[in-house]
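Undergrad: Got a structure here, written out as structure tokens. Questions coming.
The values are calculated or read from the model by the stated rules, or taken from the named source; none is laboratory data. Predicted model only: the values in this text are computed from it and were never measured. Don't worry about glycine lacking a Cβ; one is built from the backbone with ideal geometry, like all the others, and counts go over all protein chains shown.
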Amino acid sequence: MTPLNSGGTDGTGGAEGRVPDAEDRFAHLRGTAGEDQVDLDKPERQFIRRRSWRLLVELSRGVRLKLLITALCVTIAQAAQAATPLVIAWAIDWGLPRATDGDASGLWLPGLTYIVCALAAGVLTWVYTRTTAEVSQQMLYTLRRRVFRKTQRLSLEFHEDYTSGRVISRQTSDLESLRELLDQGVNSLVSGLMFMSFTAASIVILDWRSGLLLVVAAVPIAMVVRWYQRRSEVAYRRTRISSARMIVHFVETMTGIRAVQAFRREHSRAAQYRRLTEDYRRDTVASVSLFGVLQPALLAIGNITMVAVLIWGGFRVLDGALEVGVLVALVLATRRVFQPLEMMAMFYNALQSATAALEKVSGLLEEEPGVREPAAPTPLPQSTGRVDLDGVTFRYTPDSPEVLHRTDLHIPSGQTVAVVGRTGAGKSTLVKLLARFYDVTDGAIRLDGVDLRELSQVDRNRHIAMVTQEAFLFSGTIAENIALGRPDASAEDIAAAARAVGADRFIEALPEGYDTDVNKRGGRLSAGQRQLVSFARAFLADPTVLILDEATSSLDMPSEQLVQQGLQRLLGSRTALIIAHRLSTVAVADRVLVVDDGRIIEDGSPQELAAGEGYYARLHRAWEETMRG
Ligand SMILES: Nc1ncnc2c1ncn2[C@@H]1O[C@H](COP(=O)(O)OP(=O)(O)OP(=O)(O)O)[C@@H](O)[C@H]1O
């Protein structure tokens, strides 16, 4: 089945993919189900973390060699950088006396070593910055494609439930936070940690007493960092919530801009937005202010430690227990040892944000389409368009009420069936089942005797096409939009399809005819014209079964006539099931079904039913009156 107007989806359903398994301790967290859960216990957190890790490990496939090279380069570069104070100590204590005695090696040996260290650190930093970018971009490239493919494959039902806003934020802001972390954050965190370890080790190697001072300094540092971590976690969560609120408000206002302007809500929407942005501003300031405490605290502790090392070392130099070079190296190393902490703290937020993003994205990727492809499909190369519904019962979710009750319906090939009924009666549900957006709960729907669940997607797409109400046009030309159901169609085929449904006249009058861009000025189409384009699409796809959800929007008389003629030409000898909103459409049908509360309560030719006393007869009279009026 091809949803010709909306394209994109393959009509699979996601409900069953997310149905919790009674045995499953973590059923409530599978897929996107636990996305909004804030209070998780330890096993739950571990479950989610494992899923995120699995995704990372999967993504790293294919870039592992580069990852290894990156790890090696980071290690050596940081070791080389941390070794420079040692070289200085060596130059002062070993090289200087030798040089003053006239031995040149006392100068050039330490000098050369220093240059080698500095060069190694520089070159390797360049290498690992590059490889990190390559690794990170490769992983994100794979992830972007996977997220797109997955969300496109997931069912309509999933999308109705999950909303496009959330899908958009998975693909944009979540992947962006992952990018930030992978591009720079991981590097800063790992290289910072290594640099600190190597520098601390060099201090201990040079003088274990100064090492002791470092241990003492580590206590207040740990306390300050822990304080920052706790506070920033809360503050950061707050900014995330306020930013989400702000975005939702913005998106809602913009998507509902017609309603906003029609009801003059601009002022109050703007006032609400101002409050939300104000919250976001305040929360962000609070979060950044924490860093303003951490940074000077770390600096102060670092400086005090350095002074302590200098004083204690200075006395020992005076006593002759410590060499001057060693003291210089110790002071240099102590000054640098805590430096990466600031940067690491800064990336702590990036880490949190990326972790949250990864949890959500991995949940989304875990979703499974509920309407699955059969393992061994029954081939149906040709179809006559005979459709049978045998005892079809349907409910949207296991615990929601039944929407269709044991429905039997047999449509011979080539019949045009109009479906009418009051709102909420189950008309759309009926056609969605035929389009296999969902699978029936009980019973079966067959095309030429083959259960839809046994048909391959390709056969289903070839034989059944759906024209939805909104007549969606994709960016591109009119010709591309018509060729949606048959991308390999020639220009002649496209023009023939447009001619067949009577769309050719207005298309040819457009500035660039079939090559007119639908998004450009002059390419904007009216509701009726859009309908005709979608009819041409369906005509070109040439299905044996056509499902049509007629647009409810009223058209002016000439457009209505054009659309009506287009529809009749499109119908031809196909089997058609039309949710009809117009008398003129019902009039061309061979048969009318009245659906009420999930049951077919009237079934007959339009003339038969109009002559009776039922729902259709009343509707028919009402329509006729409006036509007269
Ligand atoms: N995705 C869904 N999940 C749960 N229930 C749904 C869903 N879609 C529709 N329903 C329910 O199923 C019933 C039938 O809805 P359906 O959309 O088929 O009616 P309809 O006859 O097409 O109405 P309308 O003419 O207003 O489009 C309604 O009670 C509706 O609330």
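Undergrad: Taking Leu124 as the residue in question, decide whether it is out of contact with any strand residue (DSSP E or B) (no Cβ under 8 Å at 6 or more places or on another chain) and surrounded by 14 or more Cβ atoms within 10 Å (Cβ to Cβ).
TA: yes
Undergrad: Scan the range 331-367 residue by residue and report those that are farther than 24 Å from Leu56 by Cα and either of a type outside the set (A, V, I, L, M) or touching a Leu at 6+ places or on another chain (Cβ under 6 Å) (or both).
TA: Val331, Thr334, Arg335, Arg336, Phe338, Gln339, Pro340, Leu341, Glu342
Undergrad: Looking at the range 230-242, can you tell me whether even one residue there is more than 28 Å from the chain's Cα centre (by Cα) and either of a type outside the set (Lys, Arg) or more than 23 Å from Ile168 (Cα to Cα) (or both)?
TA: Yes: one or more hits.
Undergrad: Got at least one residue in the range 138-155 being outside the structural domain of Ala435 (by TED's automatic domain parsing) and within 16 Å of the ligand (Cβ to nearest atom)?
TA: yes
Undergrad: Taking the options Val288, Val224, name whichever one is within 30 Å of Leu86 (Cβ to Cβ), in a helix (DSSP H, G or I) and under 44 Å from the mean Cα position of the chain (by Cα).
TA: After applying the criteria, what remains is Val224.
Undergrad: Now for a separate question. Which of the numbered conditions does Gly102 fail, given that it passes all the others? Conditions: (1) surrounded by 18 or more Cβ atoms within 10 Å (Cβ to Cβ); (2) on the phi > 0 side of the Ramachandran plot.
TA: Going through the list (1) surrounded by 18 or more Cβ atoms within 10 Å (Cβ to Cβ); (2) on the phi > 0 side of the Ramachandran plot, Gly102 breaks only (1).
Undergrad: Then there's this: Can you run down the residue pairs with Cβ atoms below 7 Å, 6 or more apart or on separate chains, where the first is in the range 583-610 and under 24 Å from Arg406 (Cβ atoms) and the partner is within 16 Å of the ligand (Cβ to nearest atom) and aromatic (Phe, Trp, Tyr)?
TA: As it stands, the answer is Val592/Tyr616; Val594/Tyr615; Val594/Tyr616; Asp596/Tyr615; Ile601/Tyr615; Glu602/Tyr615; Glu602/Tyr616; Leu609/Tyr616, since those pairs meet every condition given.
Undergrad: Right, something else. Answer with yes or no whether Val387 is at pLDDT 90 or above, crowded, with 19+ Cβ neighbours inside 10 Å and not polar (S, T, N, Q).
TA: The answer is yes for Val387.
Undergrad: Looking only at the range 343-397, count how many residues are touching a residue at least 12 places away in the same chain (Cβ under 8 Å), assigned to a loop (DSSP other than H, G, I, E, B), more than 16 Å from the ligand (Cβ to nearest atom) and among the hydrophobic types (A, V, I, L, M, F, W, C).
TA: Number of matching residues: 1.
Undergrad: Next question. Hey, could you check the range 595-629 for residues that are charged (D, E, K, R) and part of a helix (DSSP H, G or I) and say which is nearest to Asp408 (Cα to Cα)?
TA: Only one residue fits best here, namely Glu608.
Undergrad: May I pose another question? State all residues of the range 563-586 that are closer than 18 Å to Arg621 by Cβ and either out of contact with any strand residue (DSSP E or B) (no Cβ under 9 Å at 6 or more places or on another chain) or of a type in the set (Phe, Trp, Tyr) (or both); if no residue qualifies, say none.
TA: Within the range 563-586, Arg582, Leu583, Ser584 meet the criteria.
Undergrad: List the strands (runs of 3 or more DSSP E) inside the range 398-505, counting only whole elements, that have at least 2 residues being surrounded by 19 or more Cβ atoms within 10 Å (Cβ to Cβ) and within 16 Å of the ligand (Cβ to nearest atom).
TA: Once the strands (runs of 3 or more DSSP E) in the range 398-505 are filtered for at least 2 residues that are surrounded by 19 or more Cβ atoms within 10 Å (Cβ to Cβ) and within 16 Å of the ligand (Cβ to nearest atom), what remains is 402-411, 416-420, 464-467.
Undergrad: Also, quick follow-up: Show the residue pairs meeting these rules: Cβ distance below 6 Å; 6+ apart or different chains; first residue within the range 419-436 and at positive phi; second residue within 7 Å of the ligand (Cβ to nearest atom) and among the β-branched types (Val, Ile, Thr).
TA: Going by the 6 Å Cβ cut-off, the qualifying pairs are Gly421/Val595; Gly426/Val403; Gly426/Val595.
Undergrad: Determine, yes or no, whether Val215 is out of contact with any Cys (no Cβ under 7 Å at 6 or more places or on another chain), surrounded by fewer than 17 Cβ atoms within 10 Å (Cβ to Cβ) and farther than 30 Å from Glu323 by Cα.
TA: no
Undergrad: Also, I was wondering about something else. Considering only the range 220-256, how many residues are over 28 Å from Glu35 (Cβ atoms) and surrounded by fewer than 17 Cβ atoms within 10 Å (Cβ to Cβ)?
TA: 5
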